[in-house]
Structures are given as structure tokens and as C-alpha cells.
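Written out below as C-alpha cells is the structure these notes cover.
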Amino acid sequence: MSPYPEREPRSPLATLDDDALRRFHADAAARHAAFADRRLSLDMTRGKPSPEQLDLCNALLELPGSGQGAWQAADGADCRNYFGDLRGLPEARALFTGMVGAPVEQILIGDNSSLALMHDAIVHALLHGVPGGAAPWRHAASIGFLCPSPGYDRHFAICEGYGIRMIPVPLTGRGPDMAVVERLAAADAGIKGMWCVPQYSNPTGETYADEVVERLAAMPTAAADFRLFWDNAYAVHHLDGAPARLANVLEACRRHGHADRALVFASTSKITFAGAGLAVFASSPDNMAWFMRHMARRSIGPDKLNQLRHVRLLRDADGIAALMQAHRRILAPKFRRVGEIFTALLGGYGVASWNAPQGGYFISLDVADGAAARTVALAGQAGIALVPAGRTFPYGRDPHDRNIRIAPSFPPLDQVALAAEGVALSLLLAASDLLLRRRGLAGGTS
Ligand code: PLP
């Protein structure tokens, strides 16, 4: 039997008459209070791997080992020492050819964070300009980035930190609304870049359709030095048996005569150890030379021992795929459970919609307009930490106060279920409260 008994009526709250809505609200308040009385402390804020997932790679802690020659790369290079090629070990770069769609020569492994590589690329562009550009970006009167939204808050934080104007672009379920992107990029020479999380996007879970990739690669841009920041953080992070397929953006850009347009990023943060993995950058030969020229001032070279460890553990693309299956077996039930609980508690009331992502780390919950911040606050009162409402939008402002990012990966399954229940109860209270207020009826508790 479902632990979530059917509540009547199962009709959209907006269609209830005033008395029925008051009764619904009182019931929602009582259920929320009963949940809060349990004094739970549940964290659904960030997309972090769980300890059980991290355990999958504990062998890394023993690698490469201390036996004679264990620290030698394939060509005999001593990974304990400084090393000639800033791009890192060829055998480590070879792990990612499929993931980033580039040959080994066009792949570089930074240290542990792809976000740091994206940050550095933006700073190099601001200070020095990019290949094909007439001047450093900072010389432009007003620099702008297109920001498909909702999106990744840390992308937006980089732009905000460097005074880059953010222009939100709606997402369609198959990637950004290309009519909007094409119009803006063609009209404004100050628009220098665009954030893209093209597969299992954070947080909406969508993957850019082939047509979208094609149009991004082909579109005329007013800025000759326009760049796609292609953050393929979830390239192999499938949650169901039918993995999404993403077109190769580097190849598409080359074909359309814009070989330098895409800067591709990925990492093993959610494959091996978060924050202690390998970060990857791939791009055209000119962009690689540009990036390495500036990087050479910053570092003598990356941590090759970590690269070696990863090569020994992962071996090749098949090794990565097998590991991702093991992640999936841990993650998929958590995502499924959240979906089941939302359906059981929220279905039919017309106050929320959510996605069942095929991959990635997030569920995107869209609630009744104007109810997201209140839902997050009520969830907090019920002992559930969620990322602040609005954080998934540029400047932290969700114009509709609608989107909530749910991150079910970290807590154990039973806690994920409890947290989903608490979020749903908070939402029912927030949404019924909002409706009462809109009708000018007393009784709202919040
Ligand atoms: N890009 C996206 C879209 C992410 O969601 C995350 C982490 O949540 C990152 C990048 C961070 O990656 P890294 O640990 O390689 O810096």
C-alpha cells in the first residue's frame, strides 16, 4: 500500500471553491507541521556523489603504488617529476577522446576542476582576447553572455564576478530556444559567449538536439570572437538504459567554418572523486595553442600522478562505461523514488511539474508561479535544505519564482524519499497559501 494516501479532491487547486481551498490549506498546514515535528535534517542542496558512489573508486587511493616503476607513464616518463607537455599524459588524454569528440592532440588535462578551466578561459579572453578576435574582450563597451536558464549557478557566478552581462535564454526541452539565440547573437557584438551544458543539462536534464548543435555551430554572430562554453559535465552520466546522444560540436563548428567557436570542457568529478579527479579541455588547434600559451605562465604542468592513477583505474572508454553503470545502479533508484513521491503527493493538483531525467544529477521542479521561494523556505522549516530559489537563474533572479533544483544524489535512499515528501508537503502548503492570498481570503499561514 502506498504510504501516501490519496487526498481528495484530486483536481487542480485553482478550480476549488473558496471553502474547499481553505480546507485543503488547513490540511496541508497540518501535514507540514507534523513533518516538521520529526525534526529531520536532510540536505538536497548540491549535486554531490554519495559516499557509496565514492567507494566505487577507492582503488585510486592505492594507485599508482610504490613498487619499482609504478610511477612511470607509458613512455617511461617519471610522473613524480616535472613533465614536458602541458597537456598531460597522452594515455590519460586518450581516455576522453570519445567524451569530448576530439583527437588526443586537441585534448588537455588540467588539474582537478573543469570549472577552473572555464574560469581561466574567460579570464584569458578578457585580458588577452581569443584567436580571431581583434582585441581583448575587456575592451568591448559591454560584454554579454547568453545564459540558457535555468542553468548552472557557478557559471553565472563567474559572469557576475567579472561584470559580464548575462542574458537569459529560455530552454525548450531540446536545448536553448535557437530563434532567440540566433537573433541576439547576430545583433549584439558585445555578446561574446554562451554557456551550454549540452547533455543532461543542469538542472533541466535536457540534451541539445542535433538541430540545435548544428544551428549553434552555423549561426552568424556579430562578434567575430564569439565562443560556446560547452560544459559537457554529464557526458557519460546516464540514468536509464537509453543514453542520450549528443552531436559533436567541434566537428559541426569546423564544418560550418567556425573551427574556433567551441571550447569543450568535462571532468571526472562525478566519475571518480569529486574535486580530486581530472578536468578536461578540448578545442581547435588554435584555441589549444592559445590556452596553453596563457596556462604556461600559471603552471609548470598538471598533476601527472593523478592522471596515471586514473589511467590505471579506468583503462579506457569501456572501463569508464562500466564504472558509470555502477554509479547508475546507485543513483537511478533515488531519482525514481523522487518521481514516485512527487506523483503520489502532487499529481493532479496543477501546482507543479518536474522532469524524469535520462541522466545527470538533478531533477528540475517547476512550481506554481510565485511559490518557489516560499516552498524552499517551508522546506527549510521542515528540516530540508534546498538550494535557494532563483539560484538557477542569472543574478539569482527567477523571473517567475518558479524553479527549484532537486539534488537527490547524496543522501541515502530512505532520506531522499523523506526529503521528497517534505518538499512536496511544503509545496502544497505554499501553493494553497498563495491561492488563498490571491483570492483575498484570510487563512494563509505564511
Ligand atoms: N559543470 C556543471 C554543469 C556542473 O554541474 C558541475 C558540478 O556540479 C561542474 C561543472 C563542476 O565540475 P568540476 O568539479 O570539474 O569543476
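The values are calculated or read from the model by the stated rules, or taken from the named source; none is laboratory data. Note that the structure is a prediction, hence the values are computed from the model and not measured. Heads up, the Cβs are rebuilt from the backbone with ideal geometry, glycines too, and the neighbour counts pull from every protein chain shown. The accessibility values were calculated without ligands, DNA or RNA, using every heavy atom of the protein model including side chains. Shrake-Rupley method; radii C 1.70, N 1.55, O 1.52, S 1.80 Å.
In debye to the nearest 20, how big a dipole does the range 44-83 give about its Cα centre with +1 on each Lys and Arg Cβ and -1 on each Asp and Glu Cβ? Write out the running numbers ahead of the final one.
Values: 3 positive and 5 negative charges, 45 e Å.
The calculated dipole for the range 44-83 is roughly 220 debye.
Taking chymotrypsin sites (Phe, Trp or Tyr not before Pro) as exposed when DSSP calls them loop (any state but H, G, I, E, B) and at most 16 other Cβ atoms lie within 10 Å, what is the longest stretch of the chain free of them, the sites themselves excluded?
Answer from the scan: 163-446.
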Take the Cα atoms of the range 163-289, build their convex hull, and give its volume per residue in Å³. 126
Taking the chain as the reference, fit the longest principal axis to its C-alpha atoms, fit the long axis of helix 285-298 to the helix C-alpha atoms, and give the angle between the two in degrees, 0 to 90, nearest 10. 90
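Per DSSP H run of n ≥ 4, the term is -39500 (n - 2.57); total these for the chain, divide by its residue number, and report the mean residue ellipticity at 222 nm rounded to 500 deg cm²/dmol. Can you show the working numbers first?
Working: 14 runs with 173 residues, N = 446.
One gets -12000 deg cm²/dmol as the mean residue ellipticity at 222 nm.
Can you figure out the FRET efficiency of A157 with A224, using R₀ = 30 Å and their beta-carbon distance, to the nearest 0.05? Don't skip to the answer; put the middle values down first.
Numbers: r = 27 Å, r/R0 = 0.91.
Between A157 and A224 the formula returns 0.65.
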Rounded accessible area per residue of the chain, 1.4 Å, Å²: 40
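For Q381 and H139 in one chain, what is 0.36 nm times their gap in residues minus the Cα-Cα distance, to one decimal in nm? Write down the numbers at each step before the final one.
Values: separation 242, 0.36 × 242 = 87.12 nm, distance 4.74 nm.
Length gained between Q381 and H139: 82.4 nm.
Largest first and in whole Å, what are the equivalent-ellipsoid semi-axes of the range 24-75 based on the Cα gyration tensor, each being the root of 5 times an eigenvalue?
Numbers: eigenvalues 539, 23, 8 Å².
Taking √(5λ) for each eigenvalue gives 52, 11, 6 Å, largest first.
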Can you tell me the length gained on complete extension of the stretch A20 to D85, counting 0.36 nm per residue apart and subtracting the Cα distance? 16.4 nm
I'd like the orientation of helix 413-438 relative to the chain: the angle between its Cα long axis and the longest Cα principal axis, in ° from 0 to 90, rounded to 10. 60
Identify the residues of the range 208-244 with backbone N under 12 Å of a label point that sits 7 angstrom from the Cα of L127 along the Cα-to-Cβ direction, or state none. none
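Pick out, in residue order, every one of the trypsin sites (Lys or Arg not before Pro) in the range 256-329 that is DSSP loop and has at most 14 other C-beta atoms within 10 Å; say none if there are none.
Filter output for the range 256-329: R315.
Between D37 and R245, what's the calculated FRET efficiency when r is the beta-carbon distance and R0 is 51 Å? Round to 0.05.
Details: r = 48 Å, r/R0 = 0.93.
Rounded to the nearest 0.05, the efficiency is 0.60.
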Go through the range 1-104 and name the trypsin sites (Lys or Arg not before Pro) that are in a DSSP coil and have 15 or fewer other Cβ atoms within 10 Å of their Cβ. R7, R10, R38, R39, R46, R80
Placing +1 at every Lys and Arg Cβ and -1 at every Asp and Glu Cβ, with all other atoms neutral, what dipole size does the chain have around its Cα centre, in debye to the nearest 20? 520
Mind checking the full-extension length gain between A30 and D55? Use 0.36 nm per residue of separation minus the Cα-Cα distance, one decimal, nm. 5.0 nm
Let's see if you can work this out: charge +1 on each Lys and Arg Cβ, -1 on each Asp and Glu Cβ, no other charges. What is the dipole magnitude of the range 171-238 about its Cα centre, in debye to the nearest 20? 120
Cα centroid distance between the range 131-191 and the range 320-351, in Å? 32
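Can you give the relative contact order of the range 30-147 as a percent, counting alpha carbon pairs under 8 Å and 6+ residues apart? Could the numbers behind the result be given before it?
On the way: 50 pairs, mean separation 11.4, N = 118.
Answer for the range 30-147 is 10 percent.
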Projecting the Cα atoms of L63, F83, G98 onto the charge dipole of the chain, where Lys and Arg contribute +1 and Asp and Glu -1 at Cβ, the residue farthest towards the positive end is F83
Apply the Karplus curve 6.51 cos²θ - 1.76 cosθ + 1.60, θ = phi - 60°, to the phi angles in the range 178-184 and return the couplings in whole Hz, x for Gly and Pro. 5, 5, 5, 4, 5, 5, 5
Tell me, what is the Rg over Rh of the chain, with Rh the Kirkwood radius over Cα pairs? 1.01
With axes computed from alpha carbons, what is the tilt in degrees of helix 18-36 against the longest principal axis of the chain, rounded to the nearest 10 within 0 to 90? 60
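When the accessible area of the range 173-270 is computed with all protein chains present and a 1.4 Å probe, what percentage of it is carbon and sulfur?
Working: 1610 of 3060 Å².
For the range 173-270, the apolar C and S fraction of the accessible surface comes to 53 percent.
With the contact rule set at Cα under 8 Å and sequence spacing of 6 or more, what percent relative contact order holds for the range 182-267? Kindly include the intermediate steps, with their values, before the conclusion.
Details: 139 pairs, mean separation 30.8, N = 86.
Computed value for the range 182-267: 36 percent relative contact order.
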The range 79-193: antiparallel bridges as % of DSSP beta bridges, rounded to 5, reads 10
Choose one of L434, L216, G359: the residue whose Cα lies farthest towards the positive end of the charge dipole of the chain (beta-carbon charges +1 Lys, Arg; -1 Asp, Glu; about the Cα centre). L434
If I take every Cα pair under 8 Å that is 6 or more residues apart in the range 340-413, average their sequence separation and divide by the length, what percent do I get for the relative contact order? 30
Of the residues V338, G275, Q307, the Cα lying farthest along the dipole of the range 253-343 towards its positive end, which is defined by charges on the beta carbon of Lys, Arg, Asp and Glu, belongs to V338
For H128, what accessible surface area do you get with a 1.4 Å probe? Give it in Å², rounded to 10. 80
For the range 61-77, what does the Karplus curve 6.51 cos²θ - 1.76 cosθ + 1.60, with θ = phi - 60°, yield as ³J(HN,Hα) per residue in whole Hz, taken in order and with x for Gly and Pro? 5, 9, 8, x, x, 10, x, 3, x, 4, 8, 8, 6, 4, 8, x, 4
Excluding residues fewer than 8 positions from K334 in its own chain, the aspartates and glutamates with Cα under 16 Å of it are D43, E52, D240, D414, E421
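As an exercise, identify the trypsin sites (Lys or Arg not before Pro) in the range 148-231 lying in DSSP coil whose Cβ has no more than 16 other Cβ atoms within 10 Å. If you can, show how the numbers build up before the last one.
Details: sites: R154, R165, R174, R183, K192, R215, R227; in loops: R174.
Sparse-neighbourhood loop trypsin sites (Lys or Arg not before Pro): R174.
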Please work out how much accessible surface V123 shows to a 1.4 Å probe, ignoring ligands, DNA and RNA, in Å² rounded to 10. 30
Between A179 and A321, what's the calculated FRET efficiency when r is the beta-carbon distance and R0 is 60 Å? Round to 0.05. 0.95
